[in-house]
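Below you'll find the structure, written out as structure tokens, and then a few comments.
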Amino acid sequence: MLNIVDEETQSQMFYEDSIDEQPFVEEYGERAATNFQSSDGQSRFVFAHFMVGNTFPYSVDDWLADIKLASSYLLDGFVLNVGWEDWQRDRVADCFRAAAKLPDSTRFSFIFSFDMTSIPGNSAGDVQYLKAYYQTHAKDPRMFKHPRTGGAAISTFSGENCTFGQGSMENGWAYVKRELSAIAPAYFIPAFFINPARYLGITAMDGAFNWNGGWPVNINASSSRQDIENPRLDSDNEHLQTLSGGRTFMAAVSPWFFTHYGPNSWNKNWIYRGDDWLFVRRWQQLISMRDRIDIVQVISWNDYGESHYIGPIKGAQPNSQAWVDGYPHDAWLALNAYFTAAFKKGAYPPIKKDQIFMWARPHPKAANAPDHVPRPNNWQLTDDKIWVVVFTTAPSKVELYTSNDRKMVFDVPAGMTKLSRDSEPDGGDARNYCARWKTRGGL
């Protein structure tokens, strides 16, 4: 049976309208990803993290379809997570070939994120793995040039233990930046998993990316209920206070996190709490502090292994089919566009169409599944609830139900409203979850 491996933790999304209708994009015209300027002249950008490692079968047309879709939903580009394999460089070349087909009016660009859990970084010669990408593409007009210096933006996933034969991490990345900047000026915004106080001593850094900022990573099953519900997302402050001299801060936003690999594979088996409308709450937080943020990176476009993809399911999965196939997340792409527009513009778009977004797991968190991998660590953190975001053009009545005798009714004002209710699936199947609304004048 499809998806039975993880039936105790799989999630299902429901979207009332077709994703092709783009209700939040229309407000900003045909070119969705225009870089809006704030009153002080600083640009805000929104990128999506893209796993090149999941694109082995991609063609140029596959890349072009993803780029067009992302651009049409306000994204400024992809942060390309790349590893050491030769074939990944070939797929990246296809990516840039696809982007070359775009009209000049579509301002979509790329940032390299060197995955230092894949790329070696112990010897001086290891810089060649990075230069293989940078030499070929750094001067391409589709590389994102940060407005602060005009340098080609590059990032990392990890890298805090890499010395590149220079005796220390600090010296190692200074060496890397010199080598890359000899090709074209580089603007370095890494995601190092270190105490941010160390940033002051890393001269190569032009900014920092707080990878874990979008999830409540500090709570666990022993945390108090008070800490678990609507958990704090405040780790950005530690990073911001060390980024003096105008250095860039890139913030993370993600709908949730679930991974389920046993010790015979990647040995990754845990969740972060994605309840409490995490995606929406985090976006609202970032919009409220947009004067301190240059770039938001959405995690992710296609990381199926960690379940936080907002793009279509395609390409090659990393043995994640059990919790991905049949569980599209495309609705989050449309929902993301609303907040992306607000982050860039500094004002929320007007609601022009009634819509309901819903997501939930199709089985209780304590369900037993015939699975050789145990429940993910911290499975207790999630609640058996349906999470709902409603957009209404007028005061309305919203009904959430699994059957006619299991219905809850909410009065909501015009605008965006967050709702939830306990999940009570009929017959153990969340596909019976339903929602509908009526304007008050129509009742």
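The values are calculated or read from the model by the stated rules, or taken from the named source; none is laboratory data. Bear in mind that the values here come from a model prediction, so they are computed numbers and not experimental data. Cβ sites come from the backbone with ideal geometry, for glycine too, and all protein chains shown count toward neighbours. When the accessible area is computed, the model is the full protein with side chains, heavy atoms only, and any ligands, DNA or RNA have been set aside. Shrake-Rupley method; radii C 1.70, N 1.55, O 1.52, S 1.80 Å.
Please go through region 199-211 and pick out each residue that is in contact with a helix residue (DSSP H, G or I) (Cβ under 8 Å, 6 or more places away or on another chain) and either open to solvent by 30 Å² or more (accessible area, probe 1.4 Å) or in contact (Cβ under 8 Å) with a residue 40 or more places away in the chain (or both).
So the first thing to find is which residues in region 199-211 are in contact with a helix residue (DSSP H, G or I) (Cβ under 8 Å, 6 or more places away or on another chain), and the list is 199, 201-205, 208, 210.
TYR199, GLY201, THR203, MET205, ALA208, ASN210, listed by residue number.
Mind checking whether some residue in region 66-73 is in contact with a Cys (Cβ under 7 Å, 6 or more places away or on another chain) and of a type outside the set (S, T, N, Q)?
Checked region 66-73: no residue is in contact with a Cys (Cβ under 7 Å, 6 or more places away or on another chain) and of a type outside the set (S, T, N, Q).
For the structure I just gave you, tell me whether ALA347 is without any contact (Cβ under 8 Å) to a residue 24 or more places away in the chain and among the small types (Gly, Ala, Ser).
Criteria met by ALA347.
Going residue by residue through region 106-114, is there one that turns out to be of a type in the set (Lys, Arg) and more than 18 Å from THR55 (Cα to Cα)?
yes
Name every residue in region 240-257 that is touching a helix residue (DSSP H, G or I) at 6+ places or on another chain (Cβ under 7 Å), open to solvent by 20 Å² or more (accessible area, probe 1.4 Å) and in contact (Cβ under 8 Å) with a residue 60 or more places away in the chain, in order of residue number.
TRP256
Answer yes or no as to whether LYS407 is basic (Lys, Arg), surrounded by fewer than 17 Cβ atoms within 10 Å (Cβ to Cβ) and modelled with pLDDT under 95. I'd like the intermediate steps shown before the answer.
Working: basic (Lys, Arg): yes; surrounded by fewer than 17 Cβ atoms within 10 Å (Cβ to Cβ): yes; modelled with pLDDT under 95: yes.
Against the criterion (basic (Lys, Arg), surrounded by fewer than 17 Cβ atoms within 10 Å (Cβ to Cβ) and modelled with pLDDT under 95), LYS407 qualifies.
All but one of (1) modelled with pLDDT of 95 or more; (2) within 30 Å of ASN319 (Cβ to Cβ); (3) open to solvent by 10 Å² or more (accessible area, probe 1.4 Å) hold for GLY214, so report the exception by its number.
Checking GLY214 against (1) modelled with pLDDT of 95 or more; (2) within 30 Å of ASN319 (Cβ to Cβ); (3) open to solvent by 10 Å² or more (accessible area, probe 1.4 Å), the one that fails is (3).
Would you check which residues across region 343-387 are within 25 Å of ILE287 (Cα to Cα), out of contact with any Phe, Trp or Tyr (no Cβ under 7 Å at 6 or more places or on another chain) and of a type outside the set (Lys, Arg) and list them?
Residues satisfying the conditions are PHE343, GLY346, ALA347, TYR348, PRO350.
I'd like to check which strands (runs of 3 or more DSSP E) are fully inside region 351-422 and have at least 2 residues that are farther than 30 Å from ALA322 by Cα and touching a helix residue (DSSP H, G or I) at 6+ places or on another chain (Cβ under 8 Å).
Details: elements: 355-360, 385-392, 396-401, 407-412, 415-422.
Hits in region 351-422: 396-401.
Against the condition touching a Lys or Arg at 6+ places or on another chain (Cβ under 9 Å) and among the basic types (Lys, Arg), how does ARG247 come out, does it pass?
yes
Hey, can you tell me all the residues within region 332-352 that are open to solvent by 10 Å² or more (accessible area, probe 1.4 Å) and small (Gly, Ala, Ser)?
GLY346, ALA347
Could you check, for region 326-344, whether at least one of its residues is touching a Ser or Thr at 6+ places or on another chain (Cβ under 6 Å) and either within 30 Å of SER71 (Cβ to Cβ) or modelled with pLDDT of 95 or more (or both)? Step through it out loud before you land on a result.
Step one: filter region 326-344 for residues touching a Ser or Thr at 6+ places or on another chain (Cβ under 6 Å), giving none.
No, every residue in region 326-344 fails to be touching a Ser or Thr at 6+ places or on another chain (Cβ under 6 Å) and either within 30 Å of SER71 (Cβ to Cβ) or modelled with pLDDT of 95 or more (or both).
Within region 168-175, is there a residue that is free of Cβ contacts under 8 Å to residues at least 40 places away in the same chain, over 21 Å from GLN285 (Cβ atoms) and buried (at least 20 other Cβ atoms within 10 Å of the Cβ)?
Yes: region 168-175 contains one or more residues that are free of Cβ contacts under 8 Å to residues at least 40 places away in the same chain, over 21 Å from GLN285 (Cβ atoms) and buried (at least 20 other Cβ atoms within 10 Å of the Cβ).
For region 362-386, how many residues are open to solvent by 30 Å² or more (accessible area, probe 1.4 Å) and under 18 Å from LEU400 (Cβ atoms)?
Going through region 362-386 one residue at a time, the tally reaches 3.
Residues being assigned to a loop (DSSP other than H, G, I, E, B) and either open to solvent by less than 10 Å² (accessible area, probe 1.4 Å) or touching a residue at least 24 places away in the same chain (Cβ under 8 Å) (or both): count how many of those fall in region 275-324.
Selection size over region 275-324: 24.
Scan TYR261, TYR272, TYR187 and give me the residue that is surrounded by 14 or more Cβ atoms within 10 Å (Cβ to Cβ) and under 22 Å from PHE78 (Cβ atoms).
It is TYR187.
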